[in-house]
Amino acid sequence: MGISRRSMMKATGAAMAVPWLESLGGFAHAAGTAEGGPQRLLMICLPLSLYHDALTPTAAGPDYEASEYLSVIDGFRKQYTVISGLDHPGVNGGHSAESRVFTGVPSTKKNTRSLDQYVAAHIGAETRFDALPLSAGANSFSWTDSGTMVPAESKMARVYAKLFVGDDKANADRAVREIRKGKSIVSLVDQQAKELEPKLSTTDRQKLQEYYESLHETERRLAKAEKWVHTPKPQVDAPAPKDPTDSAEIITQMQNVCDMTHLAFKTDSTRVITFGYFEQNRVNIPGVTNPYHGLSHHGKDPGNIAQLKLIEKQFFIELARLLTKLRDTKEGGATLLDRTSIIVTSNLGNASNHSNKDLPALLLGGRYNHGQHLVFEPSTVPLCNLYVSVLNQLGMADKAFATSTGPLKGLEIG
């Protein structure tokens, strides 16, 4: 019988942070995997979409010619799939659809839990952080069951400290006191809410139930935080990143976020990360003189498109850098890239006219049979079908997520 990581930590009094060890078969099973190691999820949104003609191959199947953007990552062709024609049924409103890109909830309904938070609830128990929402310029993508946005961290120096800089005993003890104080406040508020409940209308009781869910989630997170306070953080060779002081330094921010993503996965500090690549105004990229958002409304102007492609191509350059880091990091008999499903998409299909149809979609890493361009008739297949396939890759037996009609056809697990 395998020994679980949880049992090992309990037996040692959680004296140190135990990394993933391939010998601990019980831990691998607890992580919900089929290949003997933890699975991870990275979700990236580009809120201003990607220029269709520079991304999408003209041919379907495995023998497509790499597009301008895909040529940047073509060395990983056997480790990614490009998908055309997907969207979220009932999700509209142009930029306002950003909050629903990873939930798939139609715009007429209250938003609810996003894919990353759903996955984190299943595979986040063994890591210091259930999930890590980051920001490479934007992130309103993570949502709780009750429809509350999970805030993202934009300062990677703070993320580095949270992941890798240990506290002395005095600070750790102070943190425990603050956590326990927070737990007491949650308990008091919970009691007061229950005393108020009999006096409320049916509608208000429903709202209060959502509030209860939020309280209990806060209580759970506080309990988990207390458990990890005296567990030493992993040590890494990489120095703390320097946060750019100018939001126009979009490349530096993207590099920092990708570096923290790699280190967080490498040290098994979390298994779920989201972030967005975005800057509303000017960006410091050679050859780009107009604001990013304005360029996304290119109106088919060749000059605007040329500048827009410089920005978007830079994303693929940094993506290739991250893929290389994940591929070159070994874990047991696999690599981090083998064990990480990466979704790249957008809430907009065509940013120039605010269309929420035919969303760009890339799936990278994991154990899928990659190396193809899957093409679907627009508005016939939900993007959430891709999410179901990803859940299955992560070891979950879910047959549905939001508006899905099943797993994505043609995307098989290898």
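Set the Förster radius R0 to 30 Å, insert the Cβ-Cβ distance between Asn353 and Ala59 as r into 1/(1 + (r/R0)^6), and round the FRET efficiency to 0.05. Don't jump to the answer; show the numbers that get you there.
On the way: r = 26 Å, r/R0 = 0.86.
E between Asn353 and Ala59, to the nearest 0.05, is 0.70.
Between Ser71 and Lys409, the modelled labels are 3.4 nm apart [label points 7 Å from Cα along Cα→Cβ]. Residue ranges 261-267, 326-332 sort as 261-267, 326-332 when ordered by packing (mean number of other C-beta atoms within 10 Å per residue, highest first). Working ranking of peptides 392-400, 336-344 by packing, defined as the average number of other Cβ atoms within 10 Å per residue, highest first, is 336-344, 392-400. Let me know the shape class of region 61-159, please: from the alpha-carbon gyration tensor, a ≥ b ≥ c as square roots of the eigenvalues, rounded when a/c is under 1.5, otherwise prolate if a/b is greater than b/c, or oblate. Cα axes put region 61-159 in the oblate bin. Modelled spin labels at Thr380 and His52, positioned 7 Å past Cα toward Cβ, are 1.7 nm from each other. Checking the a/c ratio against 1.5 first, then a/b against b/c, what shape does the Cα gyration tensor give for region 330-393? Note, shape of region 330-393 comes out prolate.
Assign one of three labels to region 224-365, namely rounded, prolate or oblate, based on the Cα gyration tensor with a ≥ b ≥ c the square roots of its eigenvalues; rounded applies when a/c is under 1.5, prolate when it is not and a/b is larger than b/c, and oblate otherwise. In terms of gyration-tensor shape, prolate.
What is the order of His373, His95, fewest Cβ neighbours within 10 Å to most? Could the numbers behind the result be given before it?
Values: His373 21, His95 15.
Starting with the residue having the fewest Cβ neighbours, the order is His95, His373.
Any read-out appearing in this document is the output of simple, stated calculations on the displayed coordinates, not a laboratory observation. Every value quoted in this text rests on a predicted model; they were computed, and no experiment measured them. Don't worry about glycine lacking a Cβ; one is built from the backbone with ideal geometry, like all the others, and counts go over all protein chains shown.
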